[in-house]
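K.L.:
Just dropping this structure here.
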Amino acid sequence: MKAPTTWMSGNEAIALGAYEAGVHVASGYPGTPSTEIMENLSRYEGVYTEWAPNEKVALEVAIGASFAGGRALATMKHVGVNVAADPLFTASYTGGRGGLVIISADDPEMHSSQNEQDNRNYAFAAKVPMLEPSEPAEAKEYLKIAYQLSEELDTPVFLRITTRIAHVKGIVEKGERAATPISPDIEKMPGKFVMLPANARKRRVAVEERLEKCKEIAETASFNTVEKGDTTRGFITSGVSYLYVKEAFPDAAVLKLGMCWPLPEKMIRQFSESVDELVIVEELDPFLETHIKAMGIACRGKEIIPNQGELNTAIVRRALEPGSGGEIFETPELPMRPPNMCAGCPHRGIFFNLSRMKLFVSGDIGCYTLGFLPPLSAMDSTVCMGAAVPIAHGMVKALGEGSHDKVVSVLGDSTFIHSGITGLINTVYNDSAATLIILDNRITAMTGQQHNPTSGANIKGEAANAIDLEALCRAVGVKHVYVVDPHDVPETRKVLKEAIALEEPSVVISRAPCVLLPELKEKTPVSYFTNQDNCVGCMSCIRLGCPAISWIPFAEGEAERRGYKKKQKGLSKIDEIQCNDCGQCASLCKFNAITRGEG
Amino acid sequence: MKNQGNILFSGVGGQGILLASEITAYSLLAAGFDAKKSEVHGMAQRGGSVTAQLRYGSKVYSPLIEPGKADILVAFEMMEAARYLPYLHRGSQVIVNTQKILPPAVATGQAVYPENVLDLLKEREISVVKVDALELAREVGEVRTVNVVMVGAMSAFLPIDPSVCIEVIEQRVPERFRQVNLQAFAAGQKASQ
């Protein structure tokens, strides 16, 4: 039997690669599909790991570690690079001392993201080399190459992965942790590290020289390879797209680019001359295609390969050979099964209330974005992390005086610390009064239970300093800070109404732990039950949209036969296996039809 | 022995599809195959329709199963068997848990759960094995072993000896759950005979 530890996900492989590469310091912010890199890396001895409050901080921490001569890693999802873009573009000028690698985990198809931006564009824009593996084994190998390149060329290096590398498992070889070429110490290098204009202009020149040198390396490096084959149609491809090309056209000549920026022009030119027809296969933007066409090389790309969503073998095959691949059955029409907040989720109580308050709900990124879905349908905008608060402020300013009670903003504890706090400071400073609701469930939930600065534990689960959210809000000048238990739905409504009516900034902290917290999952099973004798079929509990509560419709005449009022259309039923004992349904039931008991 | 294949696992987030696909994958790896598995985390996992895709062979490139190319579908819920019809072909083998989990629109009375949903498969010459995995899991004393019951039911269609799967469960499942999972596997095996 093969050693099972060598079959691992791309994210596990990157963590292993970081350990083997001798990384000293790694900082990241959770975001699908990048999260498991840091989670796994935190379990290795000898690597300092942390969750940063946001991606900008994570990258800045990594830059600091590199300045001190350590090997440094920053991990984030694709949209996280937007947050980290400010230090990124200047770190490109400074370079570092120890190797500095940034993981950009992109999410084509938006499995768990608000957009599907193609972060290869950042490599071009920031003039930073980018390696692009196609599978877990390569992800590990390329990370090690990234550190060598970073130190040889004095540049940050991107490793770009996508969901189908991060969350794909494949066979990976284990190696040994390497001794790094330098050990951390202080060495002042002001001409390189202090980017005031006079220094920056000099570094600007170094950036271009470095890119030229990197291009030369790319011409002969092991990560850019020509696979000989049928030259009637040759492919240039990178990342996971390479795998689809190999499956669809196993005999074709392929130039596989392990580095998608900068490009090896001579190699590409030579390859294009060796084939009759050149096709570029890449997900999302025509990145390779644009730059290859700019070299004056004829090729086909986005005219046949979609520029939206993920690719797969069938898409690549059919793009070139329409109708090939055999019969495909149609998707049958079935009721949709969208994701939903868990049974017992504290967010549900808040969104149930908001759905009945006729407000514009300025939302944010997290599990609670699911408040958008029916039957709650209580989220009216979601743009990016932290945007909830300034968007509400901007709306109130545009709507004019007396409109502060028409808009609320909602975000989670982790999101508030990530970038919501600056929005709240603006609300106080520039004086608007839209209420902010912080959904404090003690954890970064959507990405799978990561600790954050409010949860009292660090990445390893050890005790850490915890930010006091109430004190923080008061410190920035919010005079009205409320704390509510969202499971008591009617009481929460009263507090929300009071806060929203105020003409000064207010914050309502909705505090109840995520039901997926391990310590809650282990609790004695207690559940709520429907007392069917008392249920009048009013559907109050059904409207919560809790997955543990179902509507059992009566058949013709069944209501009378079972002794209910003739007009009653059915009953509610609570599934005690799914119930997580939150009691929101019981707090809404006016007929004593829901009670709590031992399961 | 078939030297390559595509196995699709479908169900509802939280049903333990990931563990089922892991046990299957490790069994195939133990038998000397290359294998790749693809899954999706994050928002996609919150009670929605989920899949794990497993491909094995002497060398696997793509981690994704092409539409029309899944040889086996292990569906943890009735409707989630029909939803992935485009991945199947005539002659595909489906192992389906007859459990119904109501999606929100059905639970709130806005839509009805489709009747005879498996006919969609049978009409297209797809072979269907039905397993009441929830009941079997109850019988072994742990409702959370639905996933391993399903692996047991599927194991007859894998190109490997079931003893390999049993070895993998013995090695990979924590001790306090090991016995009940081995029973669940055996119950699944029996159910698909």
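The values are calculated or read from the model by the stated rules, or taken from the named source; none is laboratory data. Values in this document were obtained by computation on a predicted structure and should not be read as measured data. So basically every Cβ, Gly included, is an ideal-geometry build from the backbone, and we count neighbours across all protein chains shown.
K.L.:
Would you mind telling me which numbered condition in (1) surrounded by 24 or more Cβ atoms within 10 Å (Cβ to Cβ); (2) within 11 Å of chain A (Cβ to nearest Cβ); (3) under 25 Å from A:Ser34 (Cβ atoms) B:Ala81 fails?
P.N.:
Just one mismatch for B:Ala81, condition (3).
K.L.:
Among the residues of the range A:240-262, how many are closer than 25 Å to A:Gly309 by Cα and either out of contact with any strand residue (DSSP E or B) (no Cβ under 7 Å at 6 or more places or on another chain) or within 14 Å of chain B (Cβ to nearest Cβ) (or both)? Before you say what the answer is, go through the steps one by one.
P.N.:
To start, the set of residues in the range A:240-262 that are closer than 25 Å to A:Gly309 by Cα comprises A:240-250, A:252, A:254-262.
Then drop every residue that is not either out of contact with any strand residue (DSSP E or B) (no Cβ under 7 Å at 6 or more places or on another chain) or within 14 Å of chain B (Cβ to nearest Cβ) (or both), which leaves A:240-250, A:252, A:254, A:256, A:262.
Adding up the residues that qualify gives 15.
Rundown of residues vs (1) in a loop (DSSP other than H, G, I, E, B); (2) within 20 Å of A:Asp488 (Cβ to Cβ), yes/no style:
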| site | (1), (2) |
| --- | --- |
| A:Cys535 | yes, no |
| A:Arg543 | no, yes |
| A:Ile552 | no, no |
| A:Glu556 | yes, no |
| A:Cys579 | yes, yes |
| A:Ala586 | no, yes |
| A:Gly597 | no, yes |
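K.L.:
For the range A:275-334, how many residues are basic (Lys, Arg) and within 14 Å of chain B (Cβ to nearest Cβ)? Even if it seems obvious, please write down each step before you answer.
P.N.:
Filtering the range A:275-334 down to residues basic (Lys, Arg) leaves A:293, A:300, A:302, A:317-318.
Now restrict to residues that are within 14 Å of chain B (Cβ to nearest Cβ): A:317-318.
Residues meeting the conditions: 2.
K.L.:
Also, quick follow-up: Restrict the check to the range A:183-192 and report whether at least one residue is among the hydrophobic types (A, V, I, L, M, F, W, C) and more than 28 Å from A:Gly10 (Cα to Cα). Steps first, please.
P.N.:
Just the residues of the range A:183-192 that are among the hydrophobic types (A, V, I, L, M, F, W, C), to begin with: A:186, A:189.
Subsequent filtering for residues that are more than 28 Å from A:Gly10 (Cα to Cα) retains A:186, A:189.
For the range A:183-192, residues among the hydrophobic types (A, V, I, L, M, F, W, C) and more than 28 Å from A:Gly10 (Cα to Cα): present.
K.L.:
Would you check if B:Ala187 is small (Gly, Ala, Ser), closer than 15 Å to B:Ser21 by Cβ, more than 14 Å from chain A (Cβ to nearest Cβ) and part of a helix (DSSP H, G or I)?
P.N.:
Working: small (Gly, Ala, Ser): yes; closer than 15 Å to B:Ser21 by Cβ: no; more than 14 Å from chain A (Cβ to nearest Cβ): yes; part of a helix (DSSP H, G or I): yes.
The answer is no for B:Ala187.
K.L.:
Which of the numbered conditions does A:Met259 fail, given that it passes all the others? Conditions: (1) touching a Pro at 6+ places or on another chain (Cβ under 7 Å); (2) in the same structural domain as A:Glu132 (by TED's automatic domain parsing).
P.N.:
Status for A:Met259: all satisfied but (2).
K.L.:
Residues B:Pro114, B:Pro104, B:Pro86: which one is without any contact (Cβ under 8 Å) to a residue 40 or more places away in the chain, facing another protein chain (nearest Cβ under 10 Å) and over 28 Å from A:Pro553 (Cβ atoms)?
P.N.:
After applying the criteria, what remains is B:Pro86.
K.L.:
Also, I was wondering about something else. Among (1) more than 7 Å from every other protein chain (Cβ to nearest Cβ); (2) touching an Asp or Glu at 6+ places or on another chain (Cβ under 8 Å); (3) buried (at least 24 other Cβ atoms within 10 Å of the Cβ), there is one condition B:Gly91 misses while meeting the rest; what is its number?
P.N.:
Only one criterion is unmet by B:Gly91, namely (3).
K.L.:
With the requirement that a residue be closer than 19 Å to A:Trp7 by Cα, assigned to a helix (DSSP H, G or I) and either at the interface with chain A (Cβ under 7 Å from one of its Cβ atoms) or of a type in the set (A, V, I, L, M) (or both), what does the range B:3-52 give you?
P.N.:
B:Ile17, B:Leu18, B:Leu19, B:Ala20, B:Ile23, B:Ala25, B:Tyr26, B:Leu28, B:Leu29, B:Ala30, listed by residue number.
K.L.:
Restricting the first residue to the range A:228-249 and requiring it to be buried (at least 19 other Cβ atoms within 10 Å of the Cβ) and part of a helix (DSSP H, G or I), which pairs with a second residue that is modelled with pLDDT of 95 or more and charged (D, E, K, R) meet a Cβ separation below 7 Å and a spacing of at least six or different chains?
P.N.:
Taking only residues 6 or more apart or on different chains, the pairs are A:Ser241/A:Glu282; A:Ser241/A:Glu283; A:Tyr242/A:Lys256; A:Leu243/A:Glu135; A:Ala248/A:Arg317.
K.L.:
OK, next. Tell me whether the range A:206-220 contains one or more residues that are part of a loop (DSSP other than H, G, I, E, B) and at negative phi. I'd like the intermediate steps shown before the answer.
P.N.:
Going through the range A:206-220, the residues part of a loop (DSSP other than H, G, I, E, B) turn out to be none.
Checking the range A:206-220: not a single residue is part of a loop (DSSP other than H, G, I, E, B) and at negative phi.
K.L.:
Follow-up question, since we're still on this one. Do we find that A:Gln568 is surrounded by fewer than 18 Cβ atoms within 10 Å (Cβ to Cβ), outside the structural domain of A:Gln449 (by TED's automatic domain parsing) and in contact (Cβ under 8 Å) with a residue 12 or more places away in the chain in this structure? Show your work before the answer.
P.N.:
Details: surrounded by fewer than 18 Cβ atoms within 10 Å (Cβ to Cβ): yes; outside the structural domain of A:Gln449 (by TED's automatic domain parsing): yes; in contact (Cβ under 8 Å) with a residue 12 or more places away in the chain: yes.
For A:Gln568, the condition - surrounded by fewer than 18 Cβ atoms within 10 Å (Cβ to Cβ), outside the structural domain of A:Gln449 (by TED's automatic domain parsing) and in contact (Cβ under 8 Å) with a residue 12 or more places away in the chain - is met.
K.L.:
Then there's this: Of the conditions (1) modelled with pLDDT of 95 or more; (2) outside any helix (DSSP H, G or I); (3) surrounded by fewer than 18 Cβ atoms within 10 Å (Cβ to Cβ); (4) of a type outside the set (S, T, N, Q), A:Pro133 fails just one. Which one is it?
P.N.:
For A:Pro133, the failing item is (3).
K.L.:
Please determine whether any residue of the range A:46-57 is at positive phi and either hydrophobic (A, V, I, L, M, F, W, C) or out of contact with any Gly (no Cβ under 6 Å at 6 or more places or on another chain) (or both). Quick ask: steps written out before the conclusion?
P.N.:
Initially, the range A:46-57 is screened for residues at positive phi, giving A:46.
The next check asks that each one be either hydrophobic (A, V, I, L, M, F, W, C) or out of contact with any Gly (no Cβ under 6 Å at 6 or more places or on another chain) (or both); those that pass are A:46.
Looking through the range A:46-57, at least one residue is at positive phi and either hydrophobic (A, V, I, L, M, F, W, C) or out of contact with any Gly (no Cβ under 6 Å at 6 or more places or on another chain) (or both).
K.L.:
Which one of these does A:Leu373 not meet: (1) within 14 Å of another protein chain (Cβ to nearest Cβ); (2) touching a helix residue (DSSP H, G or I) at 6+ places or on another chain (Cβ under 7 Å); (3) not polar (S, T, N, Q)?
P.N.:
(2)
K.L.:
Go through A:Ser150, A:Ser104, A:Ser92 for me and flag whichever is closer than 20 Å to A:Asn11 by Cβ, buried (at least 19 other Cβ atoms within 10 Å of the Cβ) and modelled with pLDDT of 95 or more. Talk me through it step by step, then tell me what you get.
P.N.:
Values: A:Ser150 fails: closer than 20 Å to A:Asn11 by Cβ; A:Ser92 fails: closer than 20 Å to A:Asn11 by Cβ.
A:Ser104 is the lone residue from the list that is closer than 20 Å to A:Asn11 by Cβ, buried (at least 19 other Cβ atoms within 10 Å of the Cβ) and modelled with pLDDT of 95 or more.
K.L.:
Looking at the range A:58-81, I want the residues that are more than 22 Å from A:Gly31 (Cα to Cα) and have a partner that is assigned to a helix (DSSP H, G or I) with Cβ atoms under 7 Å, at least 6 apart or on another chain. Which pairs are those?
P.N.:
Short answer, once both residue conditions are applied: A:Phe67/A:Phe193; A:Arg71/A:Tyr147.
K.L.:
Related question: Report yes if A:Ala501 is out of contact with any strand residue (DSSP E or B) (no Cβ under 7 Å at 6 or more places or on another chain), surrounded by fewer than 17 Cβ atoms within 10 Å (Cβ to Cβ) and in contact (Cβ under 8 Å) with a residue 40 or more places away in the chain, otherwise no. Break it down into steps so the answer makes sense when it comes.
P.N.:
Values: out of contact with any strand residue (DSSP E or B) (no Cβ under 7 Å at 6 or more places or on another chain): yes; surrounded by fewer than 17 Cβ atoms within 10 Å (Cβ to Cβ): yes; in contact (Cβ under 8 Å) with a residue 40 or more places away in the chain: yes.
The answer is yes for A:Ala501.
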